[in-house]
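Student: Please read through the structure below; I'll follow up with questions.
FYI, it's all coordinate maths here, none of it is from the lab. Model, not experiment: these values are computed from the prediction. Positions of Cβ are backbone-derived with ideal geometry, glycine not excepted, and every protein chain shown enters the neighbour counts.
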Amino acid sequence: MDIAEVLKHTSPELFLPDLKATDKQSALAELVEGLLAGTKISNPETIMKMLQSREALGSTAVGPGIAFPHGRTLAVQRLTILIARSAAGVDFDSEDGNKTHLFFMLIAPPQDSGHQYIKSLAALIDRVQDGDLRDKLMAAEGYDDFCAVMKED
């Protein structure tokens, strides 16, 4: 899946350039708050419980400094992606034990025609494997700049 297609599921309102959280639970809460502020979603408890349940299976901090909290819930009508970053880093139980700086939170409805959720998650994971790209994403001036970096060849 093309990264430009993936980015159609986010917006400037779903971009948190300076996450304040320092631990996993407060980061999840801040991500959910950002989701509420950027959408018409009205049941944050459902989303928070879903994310916590997913994290209980194993941390979604799977890459060097990157986490992909995700799940399916009836709380959303379509795939929604929130992007956040933390300069200081968050202790997110990463596999490598290091702090997490980039977050791509994907929330999808249970009925996902065309498997947009899984394809988007795979495309994001694949895209941010490059260390130089991650550095550029951390330095991006705002949402538009961040997206432009994501789309670079």
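Student: Determine the sum of side-chain charges near Leu106: Lys and Arg each +1, Asp and Glu each -1, restricted to other residues whose C-beta is under 11 angstrom from that of Leu106.
Tutor: Numbers: positive: Arg54, Arg72, Lys119; negative: Asp112.
Neighbour charge sum, excluding Leu106 itself: +2.
Student: Under the Kirkwood approximation for Rh and a Cα-based Rg, what ratio Rg/Rh is obtained for the range 3-151?
Tutor: 0.92
Student: Which of the peptides 103-115, 134-146 is most tightly packed, and how do the rest follow, going by the mean number of other Cβ atoms within 10 Å of each residue? Write out the running numbers ahead of the final one.
Tutor: Numbers: 103-115: 17.3, 134-146: 15.6.
The packing order, highest mean first, is 103-115, 134-146.
Student: Next question, about the same structure. Which pairs break 20 Å Cα to Cα here: Lys8/Lys40; Lys8/Lys119; Lys40/Lys119; Lys99/Lys136; Lys24/Lys136; Lys20/Lys40?
Tutor: Correct reply: Lys40/Lys119; Lys24/Lys136; Lys20/Lys40.
Student: With +1 assigned to the C-beta of every Lys and Arg and -1 to the C-beta of every Asp and Glu, and no other charges, what is the dipole magnitude of the chain about the Cα centre in debye, to the nearest 20? Write down the numbers at each step before the final one.
Tutor: Details: 15 positive and 23 negative charges, 114 e Å.
Value, rounded to 20: 540 debye.
Student: Here is a follow-up. For the chain, what does the helix formula give at 222 nm: sum of -39500 (n - 2.57) over DSSP H segments with n ≥ 4, over the residue count, nearest 500 deg cm²/dmol? Working shown, then result.
Tutor: Numbers: 6 runs with 63 residues, N = 153.
Roughly -12500 deg cm²/dmol at 222 nm, from the helical runs in the chain.
Student: For the residues Ile125, Ile83, what sequence is obtained by ranking on other C-beta atoms within 10 Å, fewest first?
Tutor: On the way: Ile125 14, Ile83 24.
Taking fewest neighbouring Cβ atoms as first place, the list is Ile125, Ile83.
Student: If you don't mind, there's one more thing I want to ask. Could you work out how far apart the two model spin labels at Gln77 and Ala122 are, taking each label as a point 7 Å from the Cα in the direction of the beta carbon, and quote it in nm?
Tutor: Inter-label distance under the simple model: 2.8 nm.
Student: Counting other beta carbons within 10 Å of each residue's own, what order do Glu30, Glu13 fall into, fewest first? Present the calculation step by step, with values, prior to reporting the outcome.
Tutor: Values: Glu30 18, Glu13 13.
Fewest-to-most ranking of Glu30, Glu13: Glu13, Glu30.
Student: Additional query: Using a 7 Å offset from the Cα along the Cα-to-Cβ direction at both Glu95 and Asp144, what is the distance between the two label points in nm, to one decimal?
Tutor: 3.7
Student: While we're looking at this one, here's another question. Using only alpha carbon positions, build the gyration tensor of the range 1-84, then give the equivalent ellipsoid semi-axes as the square roots of 5 times its eigenvalues, largest first, whole angstrom. If you can, show how the numbers build up before the last one.
Tutor: Details: eigenvalues 64, 53, 40 Å².
So the equivalent ellipsoid measures 18, 16, 14 Å along its semi-axes.
Student: Starting from the Cα-Cα distance between Asp153 and Lys8, subtract it from 0.36 nm times their residue separation and give me the gain in nm to one decimal. Provide the component values of the computation, followed by the final result.
Tutor: Details: separation 145, 0.36 × 145 = 52.20 nm, distance 1.79 nm.
Stretched out fully, the Asp153 to Lys8 stretch lengthens by 50.4 nm.
Student: For the range 50-97, run through the trypsin sites (Lys or Arg not before Pro) and keep only the ones in DSSP coil with at most 13 other Cβ atoms within 10 Å of their Cβ.
Tutor: Values: sites: Arg54, Arg72, Arg78, Arg85; in loops: Arg78.
Listed in order of number, the matching sites are Arg78.
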